[in-house]
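Bear in mind that the values in this text are calculations on the coordinates, not laboratory data. In this text, all values refer to a predicted model and were calculated from it rather than measured experimentally. Cβ placement follows ideal geometry from the backbone for every residue including glycine, while neighbour counts extend to all protein chains displayed.
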Amino acid sequence: MEDPLRSHYQEELVEAGCDEAGRGCYAGPVFAAAVILPQGFFHPLLNDSKQVAVDDRNTLRAYIETHALAWAVARIDHDEIDRINILKASFKAMHLALDQLALRPRLLLIDGNRFTKYRRVPHRCIVRGDALFASIAAASILAKTRRDEYMQGLHSEFPQYCWDSNKGYGTKEHRDAIEQFGLCKYHRKSFNIDPARWGQEELNFME
């Protein structure tokens, strides 16, 4: 049995967990969430969003939004991703989510190994943090569910790319559709998506 997620990194400062969803996608925006949880927060299903079933993610989303001390979600669209690059866009989405929090954090827990400093708030970058800390895992759930919901809406406009199932990631069905139909206005042109360079293997980009 896996060890449970840690409720907090420390207990003196109000801390917010931050994570993003959609960084590796071929199409659509990148979403980020910031979450401040109460001491002792626990839910048996909570984990890194990639390890949680779709129905359980939606259950967790409602629970987190009800029980968190504060939470917020923000997105950066594909056109801005192309202008500033996906790494900067991911950090900007986190900053925008932090701007919206009703409660001001004094420490940030960031999933990953890099981050652009937010105001004067200290931060800790934690690799695989969404599998270690509840606030980061909660942020991953909110970012992932909101982005999946958004991509479902884009699917109705461009159903040929199957975004209802692949959510814009580089799966074989998505790549096959790009080969057949080309790129649409929601694809990230800065990613240099070139069918001529693809092999036959399935790319493991799904979250």
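Data overview
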item: Cα-based equivalent ellipsoid of the range 138-191: semi-axis lengths in Å, sorted from largest, via gyration tensor; result: 21, 12, 10
item: Dimensions in Å of the range 67-149 - Rg and Dmax from alpha carbons; result: 12.6, 37
item: 16 Å reach of a label modelled at Gln39, 7 Å along Cα-to-Cβ, counting backbone N of the range 51-76; result: 69
item: Reciprocal of mean inverse Cα separation for the range 71-207 (Kirkwood radius, Å); result: 16.6
item: Whichever aspartates and glutamates have a C-alpha closer than 19 Å to that of Lys117, once near sequence neighbours (fewer than 8 apart) are set aside; result: Glu15, Asp19, Glu20, Asp99
item: For the range 88-131 and the range 17-47, distance of Cα centres in Å; result: 11
item: Relative contact order computed over the range 1-123 (Cα-Cα under 8 Å; 6+ residues apart), in percent; result: 34
item: The chain: relative contact order in percent, alpha carbon pairs under 8 Å with at least 6 residues between; result: 30
item: Relative packing of peptides 163-175, 56-68 - highest average C-beta neighbours within 10 Å first; result: 163-175, 56-68
item: DSSP bridge orientation in the chain - percent antiparallel, rounded to nearest 5; result: 60
item: Extension gain, Val121 back to Arg83 (0.36 nm per residue minus Cα-Cα distance, nm); result: 11.0 nm
item: Expected-Rg normalisation [2.2 N^0.38 Å, Cα atoms] applied to the range 1-160; result: 0.98
